[in-house]
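Chemist: Quick one: the structure is below, and I'll ask about it shortly.
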Amino acid sequence: MRSDGRQPDHLRPFTLERGFAKFAEGSCLIKIGETHMLVTATVEDRVPPFLKGKGQGWVTAEYSMLPRSGRQRNQRDLMKPNGRSMEIQRLIGRAIRTVVDLERMGERTITLDCDAVQADGGTRCAAITGAYVALYDAMRWMVDQRMLKQVLLKEPLAAISVGIYRNQEILDLNYDEDSSANTDMNVVMTESGKFVEIQGTAEHEPFGAETLGKMLKMAKKGIDELIRAQKEVLGL
């Protein structure tokens, strides 16, 4: 049993709330344990300069943490994101793009703004999971506006953390577990079981292939549960 009473392979209690932001084309408030992420999707009739004239669309992400989302106050990213925020938003963007049919979007950009309202570990994973819901609804809006003929998402995807804590493989690390884990890993996976990204580091002792296999199996269990919830909230 862990400090919050969970079994090693259990997710924290979580909810997904569609349409949380009234004016956004798509939005999702995801709460997983004490981590709360708000993701909004904005549709614009433009693309970055490197895509102009190519007829395809773009999906990108921005990530930030509100000043008191964590245990100490964070400085606002007033001029440009800090290195951590840049790394996370690039992860979110490239992960989401793997399931989008960009060729059929036309020259439009969808920006996913991912803001941590409260952070207790796993914010990047929560952002990716919530971003899929927000993006799906943004594309539904585009269909209603006759900008698209259909939602251009190939399959759902979600993300979760796994790690080794007190010599035990565990799923969905909270902040206390993450800050003292022997190994910390983030896994992004599609509904069909394909890996999009695996970010893992041995903080102390190296780990072997057998342990990696156990962690990836555990991650798939959690991601399957999250994807079922995504599909339920989207009415799929």
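We did not get these values from a lab; they are worked out from the coordinates using the rules stated. Keep in mind that this is a model prediction, so the values were computed, not measured. Please note: Cβ atoms are built from the backbone with ideal geometry, for glycine as well, and neighbour counts cover all protein chains shown.
Chemist: Lysine pairs in the chain with alpha-carbon atoms under 16 Å apart, 8 or more places apart or on different chains: how many are there? Don't skip to the answer; put the middle values down first.
Modeler: On the way: LYS154/LYS194; LYS154/LYS231; LYS194/LYS217; LYS194/LYS220; LYS194/LYS221; LYS221/LYS231.
Here the count comes out as 6.
Chemist: Quick check: convex hull of the Cα atoms in the chain, volume per residue, rounded to a whole Å³?
Modeler: Numbers: hull volume 31.1 nm³, N = 236.
Per residue, the Cα convex hull of the chain comes to 132 Å³.
Chemist: Work out the FRET efficiency for THR15 and ARG71 from their Cβ-Cβ distance, taking R0 = 35 Å, and round it to the nearest 0.05. Present the calculation step by step, with values, prior to reporting the outcome.
Modeler: On the way: r = 23 Å, r/R0 = 0.65.
My answer for the efficiency is 0.95.
Chemist: Compute the acute angle (0 to 90°) between the alpha-carbon long axis of helix 123-144 and the principal axis of greatest extent of the alpha-carbon atoms of the chain; round to the nearest 10°.
Modeler: 20 degrees
Chemist: If you don't mind, there's one more thing I want to ask. Using 0.36 nm times the number of residues separating GLU203 and ASP101, minus their current alpha carbon distance, what extension gain do you get?
Modeler: Separation in residues times 0.36 nm, less the Cα-Cα distance, equals 33.0 nm.
Chemist: Right, another one. Give the order of CYS28, CYS114 when sorted by the count of other beta carbons within 10 angstrom, beginning with the fewest. Intermediate values should be presented prior to the final figure.
Modeler: Values: CYS28 32, CYS114 28.
By the 10 Å Cβ count, ascending, the order reads CYS114, CYS28.
Chemist: Kirkwood Rh, region 50-173, all Cα pairs: how many Å? Spell out each step's value before the answer.
Modeler: Values: mean 1/r = 0.0624 Å⁻¹.
One over the average 1/r among Cα pairs gives 16.0 Å for region 50-173.
Chemist: While we're on this one: Normalised by the number of residues in region 14-234, what is the relative contact order in percent for Cα pairs under 8 Å and 6+ residues apart? Write down the numbers at each step before the final one.
Modeler: Working: 485 pairs, mean separation 47.1, N = 221.
Relative contact order for region 14-234 comes out at 21 percent.
Chemist: Return, for the Cα atoms of region 2-69, the radius of gyration and Dmax in Å, separated by a comma.
Modeler: Values for region 2-69 (Cα only, Rg and Dmax): 17.4, 55 Å.
Chemist: To continue, here is another question. Please compute the length gained on full extension between ASN82 and LYS22, using 0.36 nm multiplied by the number of residues separating them and subtracting their Cα-Cα distance.
Modeler: Numbers: separation 60, 0.36 × 60 = 21.60 nm, distance 2.87 nm.
Taking ASN82 through LYS22 to full extension adds about 18.7 nm, to one decimal.
Chemist: I've got another one for you. How big is the antiparallel share of DSSP beta bridges in region 14-234, given as a percent to the nearest 5?
Modeler: Details: 41 of 49 bridges.
The answer is about 85 percent antiparallel.
Chemist: At 0.36 nm per residue, and after removing the present C-alpha to C-alpha distance, how many nm does the segment from PHE195 to LYS154 gain when stretched out fully? Write down the numbers at each step before the final one.
Modeler: Details: separation 41, 0.36 × 41 = 14.76 nm, distance 1.44 nm.
Difference between extended and current length: 13.3 nm.
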